[in-house]
Amino acid sequence: MHYGRMRWLAWGFALAASAPAHASDTLDIAEPPAWVKVHAVPPVPTQSTTAPSRALLRDAQLRFDEDGALETYWDEAFQITGADGLAKLASVTTSWNPEHDSVTVHRLRILRGGQVIDVLKTQKFSVLHREVNLERASIDGRLTGSLQIEGLQVGDIVEFARTYRHIDPALGGHREADIRFASMTADSRLTASWGEGGSMQWRAMRGLPEPVVKRDGETAVLSITAPYLATPVLPRGAPARFQQADAIQFSDWKDWAQLSAAMAPLYAKAAAVAPDGAVGQAAAKIAASSKDQVARAEAALALVQNQVRYLFVGLNDGGYVPAAAEQTWQRRYGDCKGKTVLLLSLLHALGIEAQPVLVNTTAIGDAVPRYLPAAGLFNHVLVRATIGGRAYWLDGTRMGDRRLAEIETPAFRWGLPLQPSDATLVRMMPDPRKTPLIATRLSFDGSAGFDKPVPAHGEVVFRGDAGTLISRQIAATASDARERSLRTLWRQNYPYLTPTTVSATFDATTNTETLTFAGTAALDMQDGAMELTGVQLGGTVDYSREDGPDQDAPFAVNYPFSSEYLETITLPGKGKGFTLDPLAFDRTIAGYAYTRQGAIDGGVLTLKLSRQAVAPEFPATDAPTAQRDLRRLSQMHLYLRQASAAGGGTKP
């Protein structure tokens, strides 16, 4: 699911350009621009290294032009110290979008002792149109300049200097960039300049030296020098907002409202359709099928999800500009922007309030409020529809969302609604699940005794996205191997089972995949006791952290995960003389609510366990106690005991 381009620029020879007033489909060779200050490659350190290469120079110089262009000069130098480094550094690539970018190479040379070998005198870059993400349904039109350095040797220093120029018309002249510093570089530096008449802001994350800002007439110049920058110590297990370090961000957006107001017209324009057009006719057909607005929204979402395939199109301003709704419907393909616009058109034609919302589907979504406003922070867009005062989050790139009532708020942490004014970030987190994501049911008939395998039945139900994923995986398995795979799955999870029949069924109306088996199970007792496996709670965890910043940061939880386990055993002798030891547990530890309950009633043992995430994180102050309690809990084994010994084995 693509939206814009994440503008984290990392230093490396395979750097993808994100940085042109004059776009170009060629790779130019020229001297650095006049505003660049060229720095010499530092001497090779005397210390030996076991690494395949080492970074000597990483020099980034940025210039934010008043016309909205960003020019970025990169100069890097690495020494090859091993065979792996030779294989890596001999291949030099750089990529750019010819619609908005231009690239000029200044130097590609080998430094060997006192000798300087100009690679560009004897070799040229090949420009390729590779579409490297085509297999992931993505077309972006990027070009790649590639060169294999001839004659490179271990011990050589390779230096590569180039300048990218980037301008994105969709941003209306606004400029933004992010630079992440790499650790342990002999000479690592950044310089950024912009006109004082602009509104450029910057924010340096922890781990970097304090930037120095000076004025040079009408120009502000920011600089950072970070030789041998240490690898940051990040708080292990903390949410993503505590995992950002060694980077600096630039943005001239005043606030989130300004960014939203600039992007909103792009969607309003693309979503505008004529009532008698193809999209209008599709909406009219939906309207005629029902007067219920929820049912209409469900039909519109199904149309976009099921009749328009996903394909990211980054061509012709496609990075931020959505294709028109009519075009997406005619093509029957679109990316998240195109599908969102089509869905907006249908909903608006049906009289349903709806607006696009930008999100980040990765863990960075948790950190969005810590950044300066920037379009590049978002990588996806979906629809927030409001019906009867309730908000529904509709994603045209998903599949199988049939009932609005069952669509959970996605756990993207934060979203930015696109509207003409007054937009602010909105919190996006679901409530704790009302039904378990994974529900397991096992039943055993031990009424004839445990001295031989007993009849057994079981099912596992996967709900929501988990159900859809499992269903697709099973459907992709060859039919002659499907049953064998299901048998193996049951045996791997429950080694004491011997399945005789297995099945898998997907319910498209509820997005649930149900796996079932029937067969036998070895539940032999030993010395009058049977350990009931699969019903333990807790586990061995490690919540320790190294000394460093944000040690008191909370710990992230796999929210909103939840699971439930139900086991029944029909006991011999109608359960006479059988007891459970121990049993009940009900407590919240480390962000999860753990419960275990059960009883022997009417000769049947019933056990029920559940584990539910109740919050996306828990305080670090709870970690030591939680670690101890979870370990202790995992050692609290549950036994079925019989008053008189009844030989046999032990349930695995």
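Which lysines does K285 reach when only Cα atoms under 26 Å apart count, and residues fewer than 8 places away in its own chain are ignored?
K269, K337, K339
Among E353, E406, what's the order by accessible area (1.4 angstrom probe), most exposed first?
E353, E406
With a 1.4 Å probe and all protein chains kept in place, how do H637, H100 rank by accessible area, largest first?
Of H637, H100, the descending order of accessible area is H637, H100.
Multiplying the sequence separation of S48 and A274 by 0.36 nm and subtracting their Cα-Cα distance, what value in nm do you get? Show your work: numbers first, answer last.
Numbers: separation 226, 0.36 × 226 = 81.36 nm, distance 7.02 nm.
Taking 0.36 nm per residue and subtracting the Cα distance, the gain is 74.3 nm.
Just to verify a number: what accessible area does T509 come out at with the full protein assembly present, 1.4 Å probe, Å² rounded to tens?
Around 80 Å² of this residue is reachable by solvent.
Please work out the C-alpha center-to-center distance from region 336-380 to region 546-569 and express it in whole Å.
Centre-to-centre (Cα) distance: 28 Å.
So how do V154, V308 rank on accessible area, 1.4 Å probe, biggest first, that is with the largest at the start?
Per-residue accessible area, sorted high to low, gives V154, V308.
Quick check on packing: order 437-447, 157-167, 472-482, 117-127 by the mean number of other C-beta atoms within 10 Å, highest mean leading. Can you show the working numbers first?
Working: 437-447: 19.1, 157-167: 23.0, 472-482: 11.5, 117-127: 13.8.
Output ranking for 437-447, 157-167, 472-482, 117-127: 157-167, 437-447, 117-127, 472-482.
Under the Karplus relation 6.51 cos²θ - 1.76 cosθ + 1.60, θ = phi - 60°, what is the ordered set of whole-Hz ³J(HN,Hα) values for region 562-572, x standing for Gly and Pro?
7, 9, 9, 9, 10, 10, 10, 10, 7, 8, x
Would you indicate which of (i) -0.22, -0.59, -0.95, -1.18; (ii) -0.27, -0.68, -1.01, -1.17; (iii) -0.33, -0.79, -1.09, -1.20 is the value of log10 I(q)/I(0) by the Debye sum over Cα atoms at q = 0.05, 0.08, 0.10, 0.11 Å⁻¹ derived from the coordinates of this structure?
Checked against the structure: label (iii).
Contact order normalised by length for region 42-109, with contacts defined as Cα pairs under 8 Å and 6 or more residues apart; what percent is it?
The normalised contact order for region 42-109 reaches 28 percent.
Check the straight Cα-Cα distances from K434 and name the lysines below 21 Å, setting aside those fewer than 8 residues away within the same chain.
Within the straight-line cut-off, K434 pairs with K608.
Which lysines, on any chain, are close to K124 with Cα under 23 Å apart, when same-chain ones fewer than 8 places away are left out?
Filter leaves K88.
Can you tell me which of 630-636, 169-175 comes out highest on packing, and rank the rest after it, using the mean Cβ neighbours within 10 Å?
On the way: 630-636: 13.6, 169-175: 17.6.
Ranking, from highest mean packing down: 169-175, 630-636.
The values are calculated or read from the model by the stated rules, or taken from the named source; none is laboratory data. Predicted model only: the values in this text are computed from it and were never measured. Cβ sites come from the backbone with ideal geometry, for glycine too, and all protein chains shown count toward neighbours. Side chains included, ligands, DNA and RNA excluded: accessible areas come from the protein's heavy atoms. Shrake-Rupley method; radii C 1.70, N 1.55, O 1.52, S 1.80 Å.
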